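Working notes for the structure below.
The values are calculated or read from the model by the stated rules, or taken from the named source; none is laboratory data. Bear in mind the structure is a predicted one, so any value in this text is a computation, not a measurement. Cβ sites come from the backbone with ideal geometry, for glycine too, and all protein chains shown count toward neighbours. Protein only, heavy atoms only, side chains kept; ligands, DNA and RNA dropped before computing areas. Shrake-Rupley method; radii C 1.70, N 1.55, O 1.52, S 1.80 Å.
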Amino acid sequence: MQTKDLNVIHNVERNQFEIQIDSQVAELAYYLNGNVIFFTHTGVPPALEGKGIGSLLVKTGLQYARENKLKVQSLCWFVSGYMDRHLEFQDLAG
């Protein structure tokens with residue numbers, strides 16, 4: 001399985017980005033407040049960990065924030081770590 005083959009779905013009703021593989025769902029949860037998106041949780045089922053799925057979710061969420069001119073507040077250690085390692089997204093921190 002390659003991350004480039006995975007489809008990230010923006011589930012607006014549930015306020016999360018999702019990747020479904022078979023019966024398992026990985027998610028990046030968020031809420032909006034004005035022009036700020038707060039990422040609250042990244043969840044990847046144990047069987048899917050270590051495959052880049054969480055990173056793909058976070059990258060997609062950050063690209064969504066950029067496209068919609070939103071500032072990012074991370075309440076999730078995984079999102080914070082991703083932003084620390086990917087300097088191209090540091091300008092979104094707000």
statement: Considering residues that are farther than 15 Å from GLY54 by Cβ and either under 14 Å from the mean Cα position of the chain (by Cα) or crowded, with 16+ Cβ neighbours inside 10 Å (or both), the number found within region 4-26 is 7
- prompt: Do we find that THR60 is of a type in the set (Ser, Thr, Tyr) and touching a helix residue (DSSP H, G or I) at 6+ places or on another chain (Cβ under 6 Å) in this structure?
  reply: no
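Name the single residue that is most open to solvent (accessible area, probe 1.4 Å) among those in region 27-50 being under 10 Å from the mean Cα position of the chain (by Cα) and over 10 Å from ALA65 (Cβ atoms).
HIS41
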- prompt: Name the residues in region 31-58 that are hydrophobic (A, V, I, L, M, F, W, C) and within 22 Å of LEU92 (Cα to Cα), would you?
  reply: LEU32, VAL36, ILE37, PHE38, PHE39, ILE53, LEU56, LEU57, VAL58
message: Can you list residue pairs whose Cβ atoms sit under 7 Å apart, with the first residue in region 73-94 being under 17 Å from TYR31 (Cβ atoms) and in contact (Cβ under 8 Å) with a residue 12 or more places away in the chain and the second being in a loop (DSSP other than H, G, I, E, B) and not basic (Lys, Arg)? Count only pairs 6 or more apart in sequence or on different chains.
response: GLN73/GLY94
- prompt: Is there a residue in region 53-71 that is over 26 Å from ASP5 (Cα atoms) and open to solvent by less than 50 Å² (accessible area, probe 1.4 Å)?
  reply: yes
- prompt: So which residues in region 51-70 are more than 14 Å from the chain's Cα centre (by Cα) and among the basic types (Lys, Arg), if there are any at all?
  reply: LYS51, LYS69
message: Which of the numbered conditions does LEU87 fail, given that it passes all the others? Conditions: (1) open to solvent by less than 20 Å² (accessible area, probe 1.4 Å); (2) out of contact with any Ser or Thr (no Cβ under 7 Å at 6 or more places or on another chain).
response: (1)
